[in-house]
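Visitor: Can you keep this structure in mind? I'll have questions shortly.
The values are calculated or read from the model by the stated rules, or taken from the named source; none is laboratory data. Here the structure is a predicted model, which is why all the values come from computation and not from measurement. Note that each Cβ is placed from the backbone with ideal geometry, even for glycine, and that neighbours are counted across all protein chains shown. Accessible surface areas use protein heavy atoms only, side chains included; no ligands, DNA or RNA. Shrake-Rupley method; radii C 1.70, N 1.55, O 1.52, S 1.80 Å.
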Amino acid sequence: MKKVFASVLITNFNKEKFLKKTLNSCKNQSFKDKEVIIFDDCSTDNSLSVIKKFKNFKLIKNKKKKFKSAPLNQIYAISKLVKFSKGEIIFFLDSD
């Protein structure tokens with residue numbers, strides 16, 4: 001039976017308060033054939049320092065907000081994550 005590779009895609013903007021618990025949950029899953037990719041959309045809190053503690057997770061840092069609308073920025077982040085992912089199955093996980 002062929003092994004399936006999964007991608008867990010997370011968008012983040014100023015969710016430092018919840019990130020550690022969320023990322024630990026991903027790390028501690030029994031399913032090991034996965035990648036975790038986080039898109040940080042110019043957070044101004046300490047989100048990046050929390051994310052960087054998870055060495056095996058990939059980080060995409062947005063340098064400048066693309067839109068003035070939060071929903072449009074989230075859609076933009078999701079599109080970037082999907083393009084970067086390699087999984088045959090994609091899971092979306094909120095950072096909070």
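Visitor: Give the aspartates and glutamates reachable from LYS63 as a straight Cα distance under 13 Å; neighbours fewer than 8 places away on the same chain don't count.
Guide: LYS63 reaches ASP40, ASP41.
Visitor: Could you give the distance between the Cα centres of segment 1-45 and segment 68-89, to the whole Å?
Guide: 13 Å
Visitor: How far is it, in nm, from the label point at LYS83 to the one at LYS2 when both lie 7 Å from their Cα along the line to the Cβ?
Guide: 2.6 nm
Visitor: Within 10 Å, count the other beta carbons around each residue, average over each peptide in 23-34, 73-84, and list them highest first.
Guide: My ranking of the peptides, most packed first, is 73-84, 23-34.
Visitor: If you don't mind, another one. Taking the highest mean first, how do the peptides 39-50, 58-69 order by number of other beta carbon atoms within 10 angstrom per residue?
Guide: Averaged packing, sorted descending, gives the order 39-50, 58-69.
Visitor: Would you kindly calculate the translational diffusion coefficient of the chain, applying Stokes-Einstein with the Kirkwood radius from alpha carbon pairs, for 25 °C and a viscosity of 0.890 mPa s, and quote it in µm² s⁻¹ without decimals?
Guide: 180 µm²/s
Visitor: Taking Cα atoms, how many degrees apart are the long axis of helix 16-27 and the longest axis of the chain, rounded to 10 and kept between 0 and 90?
Guide: In the chain, helix 16-27 runs at an angle near 10 degrees to the longest axis.
Visitor: Quick check on my link table: of LYS53/LYS83; LYS32/LYS66; LYS2/LYS64; LYS3/LYS65; LYS2/LYS80; LYS3/LYS66, which ones sit more than 32 Å apart, alpha carbon to alpha carbon?
Guide: Violating the 32 Å limit, Cα to Cα: LYS32/LYS66; LYS2/LYS64; LYS3/LYS65; LYS3/LYS66.
Visitor: Of all beta bridges DSSP finds with both residues in the chain, what is the antiparallel percent, to the nearest 5?
Guide: 0 percent
Visitor: Treat every Asp and Glu Cβ in the chain as -1 and every Lys and Arg Cβ as +1, leave all other atoms uncharged, and give the resulting dipole magnitude about the Cα centre to the nearest 20 debye.
Guide: The dipole magnitude comes to about 320 debye.
Visitor: Another question about this same structure. Does anyone have the angle between helix 70-84 and the longest principal axis of the chain? Alpha-carbon axes, 0 to 90°, nearest 10?
Guide: It is inclined by approximately 40 degrees.
Visitor: Counting only other residues whose beta carbon sits under 12 Å from that of ASN62, what net charge do I get with K and R as +1, D and E as -1?
Guide: +4
Visitor: Please compute the length gained on full extension between ASN46 and LYS32, using 0.36 nm multiplied by the number of residues separating them and subtracting their Cα-Cα distance.
Guide: Computed gain between ASN46 and LYS32 is 2.3 nm.
Visitor: Something else about it: Given a 1.4 angstrom probe, what's the average accessible area per residue across the chain, in square angstrom?
Guide: Here the per-residue accessible area is 69 Å².
Visitor: If you don't mind, another one. Can you give the helix-only mean residue ellipticity at 222 nm for the chain, where every DSSP H stretch with n ≥ 4 adds -39500 (n - 2.57) and the sum goes over all residues, rounded to the nearest 500 deg cm²/dmol?
Guide: -10500 deg cm²/dmol
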